[in-house]
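The values are calculated or read from the model by the stated rules, or taken from the named source; none is laboratory data. It should be emphasised that the depicted structure is a prediction, and the values quoted were computed from it without experimental measurement. Cβ placement follows ideal geometry from the backbone for every residue including glycine, while neighbour counts extend to all protein chains displayed. Ligands, DNA and RNA are stripped out before the accessible areas are found, and what is left, the full protein with its side chains, is counted by its heavy atoms. Shrake-Rupley method; radii C 1.70, N 1.55, O 1.52, S 1.80 Å.
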Amino acid sequence: MEIEAAKQRTSIVIVGHVDHGKSTIIGRLLADTHSLPQGKLEQVKRNCERNSKPFEYAFLIDALKEEQAQGITIESARVFFKHNNSHYIITDAPGHIEFLKNMITGASRAEAAFLVIDAQEGIQENSRRHGYMLSMLGIKQVAVLVNKMDLVAYRKETFENILSDYSQFLGRIDVNPIGFIPVSGIVGDNIAVKSKKMQWYEGHTVLGILDTLRKEEPLPHQPFRMPVQDVYKFTNFGNNRRIIAGTVEAGSMRAGDEVIFYPSGKKSRIKSIEVFGGPAKEEAVAGVATGFTLTEPIYVTRGEITIKANQPRPRVTSRVRGSLFWLGKEPMTKEKDYLLKIGTAKVLFRIERIHRVINTSTLNSIERADRIERHQVAECVLKLNRAIAFDLANEIPSTGRFVIVDDYEIRGGGIILEDLEDNQAWVRDKLFLRDYKWEKSSISWEQRAESYNQKATLILVTGEKDSGKKPFARSLESRLFTEGKMVYFLGIGNVLYGLDADIKSAKDNRQEHLRRLAEVAHILLDAGIILIVTAIELTEEDLELIGTIIDPSRIRIIWVGEKVSTNIIYDIKVSPAEDLERSVDTVKAMLQERGIIFRPG
Ligand code: GTP
Ligand code: MG
């Protein structure tokens, strides 16, 4: 049932300037098509009488959300609606942010939009901005509702002036409206019933235009995309089951399909599709929240995207060209970190370059700006602080759109236009092949962790030259060994003459040197070992490289010595020169705290 409904429901968002009548129109549409719950209309009318305030159709929407007391539409309200055997969800999006949220993180992404313009007030800046956002987010079916026609005596000229001005604007942003409808939400003109007061108008009513909407590019036929929301572990009867959960954003999958997770590139096969508290399902399609188990136990994390092995791959990189919409009060600048959310991935980023900014109301553009003001759209290059998987917005919109979070609030959003090469591109290509060809052990990392009583971890010991890294690393190794841990110390020099024998100068080939070291670490971690490696003055860039090769959550950084001479972000700083034993104690306590080794009691 749920799958069928998700396949057939058309989702419409209603946007426009404050008070232009969005909620009234939806309320009226529901009332005139008898779509309201029994008695709701009467109840709301009675409430108004009792509080001696005039009845508003907009209250119906609020009443449906039981937020009537506030008198304004606070958050996107979703209304389910059926007409002529078709199902619709109409989302009342009162502001820019609500609209963005709904389009990008919302459960139902609009395929069509109603843009409301008040006939008396005329086109406002927001009318244009919303139009721009619809265009940017790729919503092709836009109907313009010119509302409050009753306030302009149902005059044809008023309607036609708006039609001509706004059509021109839409033309410039490549939106081809499916219709302009003169309406009155309050009176009910041209909502569900054709108005007798506007005989000059021959087009559809709002209800009528619903029948003309096409269910756009049927999502189940796109390549399969499911961002991983969570990984749940269940242990029953000694049987470890891991369910990977998320919402299918595009395409569909069935049990038996071979899947790959990106950006890690790990591969497995779907064993079963799980439904909480229900029987297993055969298929999961776009729009449905689902979970599945895999035939092989592999380690995947939130933020990765699941795809089918025989379908086009997503892009993976830490540099992208995008078009973004900024809504923050303070301008967006190059000096600041922002958080990007795409699918279920979250990543910090900075603006590397602003190609141009556009005023979304006037459509004027400025080349090479150095900041992005509120309500501007900018085409820019974003440098993410780690690589993520995504698609280009024009290929698979739902995994190509993002929101920007600043100070815990959504302050912008946008689309990805192009994936750009980053510093790690050369490593990543090797890596995909490695993981693709990797012969997986039948012993899972959890089984190893349980048996060895430790979580495989790479401990990077770094610091200035002669700060005592090696003696410290050796002491840590001995201590952990004595306590029964599977631990191994690998001096970075140890790989120079063997593994790196073909590299002339490790100094000039630092990147390749680090890549090989990380690959060795990857193998030892796979074996379940705690590996201690010393290296001089590691930087964040070095760590970025190592973290591309091994899961960054398995790496701990220890800085040795008082003075920190690089930009690396470490877990803990120690001064073994002063007291070696105490430094080892400190690190051991940290490992216990992070659950890497067991803490008694
Ligand atoms: P926000 O959610 O705050 O952005 O407003 P909105 O666009 O949802 O507008 P709403 O439906 O709340 O209507 C705003 C005001 O305009 C209300 O007082 C309505 O009664 C009035 N209004 C809406 N439609 C019409 C109309 O067709 N004619 C007249 N005369 N007034 C209308
Ligand atoms: Mg409203």
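Yes or no: region 13-28 includes at least one residue that is surrounded by 14 or more Cβ atoms within 10 Å (Cβ to Cβ), more than 13 Å from ligand 2 (Cβ to nearest atom) and under 30 Å from K101 (Cα atoms). Checked against the condition, which is being surrounded by 14 or more Cβ atoms within 10 Å (Cβ to Cβ), more than 13 Å from ligand 2 (Cβ to nearest atom) and under 30 Å from K101 (Cα atoms), region 13-28 yields no hits at all.
Scanning region 457-477 for residues that are touching a residue at least 40 places away in the same chain (Cβ under 8 Å), open to solvent by 10 Å² or more (accessible area, probe 1.4 Å) and not basic (K, R) gives E464, S467, G468, P471, S475, E477.
When region 29-61 is filtered for residues that are without any contact (Cβ under 8 Å) to a residue 24 or more places away in the chain and buried (at least 18 other Cβ atoms within 10 Å of the Cβ), only L41 remains. Residues that are surrounded by fewer than 18 Cβ atoms within 10 Å (Cβ to Cβ) and in the same structural domain as D19 (by TED's automatic domain parsing) number at least 1 in the following strands (runs of 3 or more DSSP E) confined to region 129-237: 179-182. Being modelled with pLDDT under 85 and either surrounded by fewer than 16 Cβ atoms within 10 Å (Cβ to Cβ) or within 13 Å of ligand 1 (Cβ to nearest atom) (or both) is the filter here, so list the residues in region 87-118 that pass it. Correct list: A93, P94, G95, H96, I97, E98, F99, A107.
Inside region 349-376, can you point out the residues that are polar (S, T, N, Q), surrounded by fewer than 16 Cβ atoms within 10 Å (Cβ to Cβ) and part of a strand (DSSP E or B)? S365, the sole residue that qualifies.
Does region 574-592 contain any residue that is farther than 13 Å from F472 by Cα and either in contact with a Lys or Arg (Cβ under 6 Å, 6 or more places away or on another chain) or open to solvent by less than 10 Å² (accessible area, probe 1.4 Å) (or both)? Steps first, please.
Quick first cut of region 574-592, residues farther than 13 Å from F472 by Cα only: 589-592.
Narrowing further to those that are either in contact with a Lys or Arg (Cβ under 6 Å, 6 or more places away or on another chain) or open to solvent by less than 10 Å² (accessible area, probe 1.4 Å) (or both): 591-592.
Yes, that holds for at least one residue.
On the stretch given as region 17-43, residues that are more than 7 Å from ligand 1 (Cβ to nearest atom), within 36 Å of the chain's Cα centre (by Cα) and charged (D, E, K, R) total 1. Flag: E379 matches the condition of being in a strand (DSSP E or B), at negative phi, of a type in the set (D, E) and not assigned by TED's automatic domain parsing to the domain that holds T548. For region 122-137, the count of residues that are away from ligand 2 (no atom under 16 Å from the Cβ), among the acidic types (D, E) and closer than 30 Å to V288 by Cα is zero.
Residues are listed down the side, and each one gets a yes or a no for (1) of a type in the set (V, I, T); (2) touching a residue at least 60 places away in the same chain (Cβ under 8 Å):
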residue	(1), (2)
F489	no, no
I492	yes, no
K504	no, no
R510	no, no
H513	no, no
L517	no, no
D526	no, yes
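Figure legend. Inter-residue proximity from region 173-193: first residues over 18 Å from L60 (Cβ atoms) and more than 9 Å from ligand 1 (Cβ to nearest atom), second residues open to solvent by 10 Å² or more (accessible area, probe 1.4 Å) and at pLDDT below 95, beta-carbon distance below 7 Å, spacing 6+ or different chains. Indicated pairs: I173/Y132; I173/S135; D174/S135; V175/S135; I178/T212.
Conditions (1) over 38 Å from the mean Cα position of the chain (by Cα); (2) farther than 18 Å from K430 by Cα, marked per residue:
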{"position": "G493", "(1), (2)": "yes, yes"}
{"position": "G498", "(1), (2)": "yes, yes"}
{"position": "E540", "(1), (2)": "no, yes"}
{"position": "T548", "(1), (2)": "no, no"}
{"position": "V564", "(1), (2)": "no, yes"}
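For K148, state whether it is within 11 Å of ligand 1 (Cβ to nearest atom), basic (K, R) and modelled with pLDDT of 85 or more. In short, yes. For the residues K346, K329, the requirement of being within 20 Å of D422 (Cα to Cα) and open to solvent by 40 Å² or more (accessible area, probe 1.4 Å) singles out K346. The residue that is most open to solvent (accessible area, probe 1.4 Å), among those in region 478-507 that are in contact with a strand residue (DSSP E or B) (Cβ under 7 Å, 6 or more places away or on another chain) and among the β-branched types (V, I, T), is I492.
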